[in-house]
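Q: Next up is a structure, given as C-alpha cells.
Nothing in this text is a laboratory measurement; each read-out follows from the coordinates by a stated rule. Quantities reported herein were computed from a predicted structural model and do not represent experimental measurements. All Cβ positions, even for glycine, are placed from backbone atoms using ideal geometry, and neighbour counts span all protein chains on display.
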Amino acid sequence: MNNNSVSISPDQLLNIGYLILLVALVCLNIPALALIAAIILTVKVLDLFCTTWTVNQDSLVEKTGILNVNTEEILLFRVKDIRLYEPLLYRLVGLSQLTIITSDYTKPSIVLYGIKDGEEWMHMLRQLVANSRQVEGVKELDIR
C-alpha cells in the first residue's frame, strides 16, 4: 500500500434482520407494516451503501450520508488505540467492528462496523499509524 488508498464499506449482511422482518410481515399478510418495513430496509441499505472508509498512507477518511454527505479525515499519527470487536452474530457471518480511538478534537473515535477481515485491517492500520508517526516525527506521550 505505498501511495495507494484502500476503501471499505460496511457489509449489507448487517441488514439481514430488517429483511427477515419484511419477509415475515409479507408472509403474515400485514401490508401496512410490510410497507413500513420495506421503507426502513431501503433507507438502511442506502445508508450502508453510502458509508465508506478510505485508508491511505497518512489518513483515514470517513464518508457518510445519503442526501447530506459528511466527510471526516483523521490523520493516522493521531490514532491512539485500535480495538477489534467480534460479537457472536458478526462472527457467524465473518464480520467485525473496529473502533479507532484518536486524539482528534472533532472526531475522538471512529467505528468501522460490519467489515470483513477485521483483524487484517487492524494490523494494517497499526502499521500505517507507526509509519505515519515516523514520517511526521511524532512520539506519543501519556500524561497521567
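Q: Expressed as a whole number of Å, what is the distance separating the alpha-carbon centroids of region 13-50 and region 81-144?
A: Going from one Cα centre to the other spans 31 Å.
Q: With viscosity set to 1.002 mPa s at 20 °C, what whole-number translational diffusion coefficient in µm²/s follows for the chain from Stokes-Einstein and a Kirkwood radius over Cα pairs?
A: In µm²/s, the coefficient rounds to 126.
Q: Which ordering of THR42, THR54 is given by a fewest-first count of other beta-carbon atoms within 10 Å?
A: If I rank by nearby Cβ atoms, fewest first, I get THR42, THR54.
Q: Relative contact order for the chain: what is it in percent, counting Cα pairs under 8 Å that are at least 6 residues apart?
A: For the chain, the relative contact order is 21 percent.
Q: Applying the Karplus parametrisation 6.51 cos²θ - 1.76 cosθ + 1.60 with θ = phi - 60° to the phi angles of region 38-43, what ³J(HN,Hα) value in whole Hz is obtained for each residue in order, glycine and proline being reported as x?
A: 5, 5, 4, 4, 4, 5
Q: For LYS44, which lysines qualify as cross-link partners when the Cα separation must be under 16 Å and same-chain residues fewer than eight apart are set aside?
A: The reachable lysines, counting only those whose Cα sits under 16 Å from LYS44, are LYS63.
Q: For LYS80, enumerate residues with amide H under 5 Å from its amide H, sequence gap 5+ or separate chain, H modeled in the peptide plane.
A: ILE101, THR102, SER103
Q: Further question on the same structure: With a sphere of radius 12 Å drawn around the Cβ of TYR90, what net charge do the other residues whose Cβ falls strictly inside it have (Lys, Arg +1; Asp, Glu -1)?
A: Residues near TYR90 contribute 0 overall.
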